[in-house]
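Single-structure report; data block below.
The values are calculated or read from the model by the stated rules, or taken from the named source; none is laboratory data. What you are looking at is a predicted structure, and each value in this text was computed from that prediction instead of being measured. Cβ sites come from the backbone with ideal geometry, for glycine too, and all protein chains shown count toward neighbours. Heads up: the accessible areas ignore ligands, DNA and RNA and are worked out on the full protein's heavy atoms, side chains in. Shrake-Rupley method; radii C 1.70, N 1.55, O 1.52, S 1.80 Å.
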Amino acid sequence: MKIALSRTAFIAFAVTVNLLTFGCATAPHHSGKGEVRVQKMPEIHVAYVEHKGLHEGGGEVYDELLGKLTGWAIPNGYWDFPRTTKIICIYPDPPGVPESEKRLWLGITLQRIVPAPAGINTMTIPENTCAVGGFVIAEREFADAWGFMYDRWLPENGYRPAEGLSFELQKNGSCTHPEKKHIVDICIPVRKN
């Protein structure tokens, strides 16, 4: 089984297309197979909520999670999407975890770790060397983008996944994009073969 096939949970982030109505990033990205670079990613401070169980194709799960986050972040001044705040989607479980047991961490980036109420967790993703694929993609193209990264780009360029969390950084509100596309960075910790 290929890695991308065992990581089907990554496509679940695509259902947030109807949630992101707060503006549009202007950073250039490349569509199609994406522009990939290997770079040292700085540490990222995150506030997130966890969901355990089935979440693919369930937009209501993302609505609920993002609603909980923004209900806390907006009145406390932590929400400036997409200018300084990004939406981050992390799937922390390794391949082979049953779908009913998989965890989804839907979060927002923070400038620093801040106190959060019960039910909202905070963490710092440590700096790491990552393959970062910049994509401008439609909702239906998330699985292809992850598949391209794991099944094609990494092996063709002499890399393999390393310790650490893989994640997506959503950089726009897709509803504001002329083609309703997501501007997203897929970040995978890597090491040379």
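At a glance:
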read-out: Candidates per trypsin sites (Lys or Arg not before Pro) in region 32-139, loop by DSSP, up to 12 other Cβ within 10 Å; value: Arg83, Arg112
read-out: Pair Glu156, Asn193: separation of 7 Å Cα→Cβ label points (nm); value: 1.3
read-out: Within the accessible area of region 38-90 (1.4 Å probe), percent carbon and sulfur; value: 48
read-out: Chain lengthening between Asp93 and Gln111 when straightened (0.36 nm per residue, less Cα-Cα); value: 3.9 nm
read-out: GluC sites (Glu not before Pro) restricted to DSSP loop in region 86-193 with at most 14 other C-beta within 10 Å; value: Glu127, Glu163, Glu179
read-out: FRET efficiency estimate (nearest 0.05) - Cβ-Cβ, Arg103 to Asn76, R0 30 angstrom; value: 0.75
